[in-house]
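Asker: Below are the structure tokens for one structure; questions will follow.
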Amino acid sequence: MKPKRIDPRVRRTRQLLQDAFTSLIQEKGYEAITVQDITERATLNRATFYLHYRDKQDLMWQSTEEVLSELVDSLRETTKHAKKADLHVDQPHPVFVCLFEQIARHATFYKVMLSHHQAPLAARLIEVITDYISQGLDEFQPDDTKLTAQREIIVRYTASAFLGVIMWWLEGGMSYSPRFMALQLMRLAIKGPYELSPFA
């Protein structure tokens, strides 16, 4: 069965509410805003809000799931067409590029939600990144004896580093392109921070 298409009017209404919610968090903080604030900013009435969400917490959770579902779907589709040979220090892997392009697509939402301590986005995003790093590591180096540290530690270390870099990139106004960022992380993932080991 094909997924049910969302009516464009419904999509537009939900986007207005999500955009209003995001901008208000930037201005006032999550705790200070109310449903009334959100509907006024979105130029909609409260009845319309409650047709879509129970409260502002539900709005935050549903918005997070929608944005992450789009990210996961894009990464999955890109992975289908990516080849093992695409892992190279001189060009960004398509999956890495896709990750940054999707985050740039919803940059304001990611920036606000990742900096908001009660938002579920950071924990959910690191789950997504962890899954893809784990899958990639299993594919490209299945032999634990050829790894420099325990597999699960490498995965968690790398995922945390990725999240930190993503947050830094967003906070800095995305001064580098998604492709450039993907290439930098590709090089770090493969070679580490040194061109030649200073400890050799």
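The values are calculated or read from the model by the stated rules, or taken from the named source; none is laboratory data. The shown structure was predicted, so the numbers you read here are calculated from the model rather than taken from an experiment. FYI the Cβ positions are ideal-geometry reconstructions off the backbone, even for glycines, and counts take in every protein chain you see. Accessible surface areas use protein heavy atoms only, side chains included; no ligands, DNA or RNA. Shrake-Rupley method; radii C 1.70, N 1.55, O 1.52, S 1.80 Å.
Asker: Considering region 162-196 alone, what residues qualify as being farther than 17 Å from PRO92 by Cα and small (Gly, Ala, Ser)?
Answerer: The answer is GLY164, GLY172, GLY173, SER175.
Asker: Now a separate question. Can you confirm whether ILE129 is under 11 Å from the mean Cα position of the chain (by Cα) and under 19 Å from ALA189 (Cα atoms)? Write out each step before concluding.
Answerer: Details: under 11 Å from the mean Cα position of the chain (by Cα): yes; under 19 Å from ALA189 (Cα atoms): yes.
Considered against the rule, which asks whether it is under 11 Å from the mean Cα position of the chain (by Cα) and under 19 Å from ALA189 (Cα atoms), ILE129 comes out as yes.
Asker: Which residues, counting only those in region 183-200, are surrounded by fewer than 13 Cβ atoms within 10 Å (Cβ to Cβ), among the small types (Gly, Ala, Ser) and within 23 Å of the chain's Cα centre (by Cα)?
Answerer: First, the residues of region 183-200 that are surrounded by fewer than 13 Cβ atoms within 10 Å (Cβ to Cβ): 190-200.
Of the ones still in play, those that are also among the small types (Gly, Ala, Ser) are 192, 197, 200.
Within region 183-200, GLY192 is the sole residue that qualifies.
Asker: Confirm whether THR64 is open to solvent by less than 60 Å² (accessible area, probe 1.4 Å) and under 24 Å from LEU99 (Cα atoms).
Answerer: Details: open to solvent by less than 60 Å² (accessible area, probe 1.4 Å): yes; under 24 Å from LEU99 (Cα atoms): yes.
Considered against the rule, which asks whether it is open to solvent by less than 60 Å² (accessible area, probe 1.4 Å) and under 24 Å from LEU99 (Cα atoms), THR64 comes out as yes.
Asker: Looking for something among the hydroxyl-bearing types (Ser, Thr, Tyr) and open to solvent by 40 Å² or more (accessible area, probe 1.4 Å) - is there at least one such residue anywhere in region 28-37?
Answerer: Yes, region 28-37 has at least one match.
Asker: List the number of the failed condition for THR43; all other conditions in (1) open to solvent by less than 80 Å² (accessible area, probe 1.4 Å); (2) over 24 Å from GLY136 (Cβ atoms) hold.
Answerer: It fails just one condition, (1).
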